[in-house]
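The values are calculated or read from the model by the stated rules, or taken from the named source; none is laboratory data. Since the model is a prediction, treat every value here as computed from it, not as a measurement. In this analysis, Cβ positions are derived from the backbone assuming ideal geometry, glycine residues included, and neighbour counts consider all displayed protein chains. Areas reflect the complete protein model, heavy atoms only, side chains present, ligands, DNA and RNA absent. Shrake-Rupley method; radii C 1.70, N 1.55, O 1.52, S 1.80 Å.
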Amino acid sequence: MKVLFVCLGNICRSPSAEGVFSKILEAQGLQDRVEVDSCGIGDWHIGKAPDARAQQAAMRRGIDISGLRARQLSEEDFAVFDFILAMDDDNLRAIQAIQPEGYQGTTCLFMRFAGQPETPVPDPYFGGEQGFENVLDMIEDASNGLLQHVRLSL
Ligand code: 4NP
């Protein structure tokens, strides 16, 4: 089982989701059965570590995302990942714009797994610290729902 989190820059929301979901999988002993990655729609931050504010917010919850490096979504990702989960509607549209016909996996908003299929995880990049806390709260909710869902297919 392979899960890919997607946001715009791959330096705030999706690396945070990668960190949170990876930690949940480890706590459940599932880290060898579920592979997790993240990427961005844009190319501006390729090769960069997560935003310092995202790193600090994650670290306050005991999650170290400092080693992650940004990369861009590519068509090959559809051959690899079972779930390609978007943080917002723009991300989802960009994913579906390059989604090959016949892709058998799931592309949807991440917050569907928190029981909120229409809710985006808001971009915290141009806001303050509270935005990063809010992102983590939402990501934790959706990650717990995703865990239940993924368990059904293991
Ligand atoms: P992310 O946040 O999509 O959650 O990584 C952003 C990071 C950078 C930019 C936009 C959003 N940017 O415009 O550079």
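Filter region 128-154 down to the residues that are touching a helix residue (DSSP H, G or I) at 6+ places or on another chain (Cβ under 8 Å), closer than 15 Å to PHE83 by Cα and open to solvent by less than 70 Å² (accessible area, probe 1.4 Å) and list them by number.
ALA142, SER143, GLY145, LEU146, LEU147
If you take the residues in region 21-59 that are aliphatic (A, V, I, L, M) and within 10 Å of the ligand (Cβ to nearest atom), which one is nearest to ASP90 (Cα to Cα)?
Taking the candidates together, the pick is ILE41.
Looking only at region 67-92, which residues are closer than 19 Å to LYS23 by Cβ and surrounded by fewer than 13 Cβ atoms within 10 Å (Cβ to Cβ)? If you could, list the steps in order and put the result at the bottom.
Step one: list which residues in region 67-92 are closer than 19 Å to LYS23 by Cβ, which gives 67-69, 83, 85, 87.
The answer is GLY67, and nothing else.
Can you report the number of residues in region 6-42 which are over 23 Å from GLN130 (Cβ atoms), touching a residue at least 40 places away in the same chain (Cβ under 8 Å) and part of a strand (DSSP E or B)?
Here the count works out to 2.
Suppose we keep only residues that are of a type in the set (Gly, Ala, Ser) and under 15 Å from ARG71 (Cβ atoms) within region 3-20. Which one would you say is farthest from the ligand (Cβ to nearest atom)? Break it down into steps so the answer makes sense when it comes.
Going through region 3-20, the residues of a type in the set (Gly, Ala, Ser) turn out to be 9, 14, 16-17, 19.
Subsequent filtering for residues that are under 15 Å from ARG71 (Cβ atoms) retains 9, 14, 17.
Working: GLY9: 3, SER14: 6, ALA17: 9 Å.
Top of the filtered list is ALA17.
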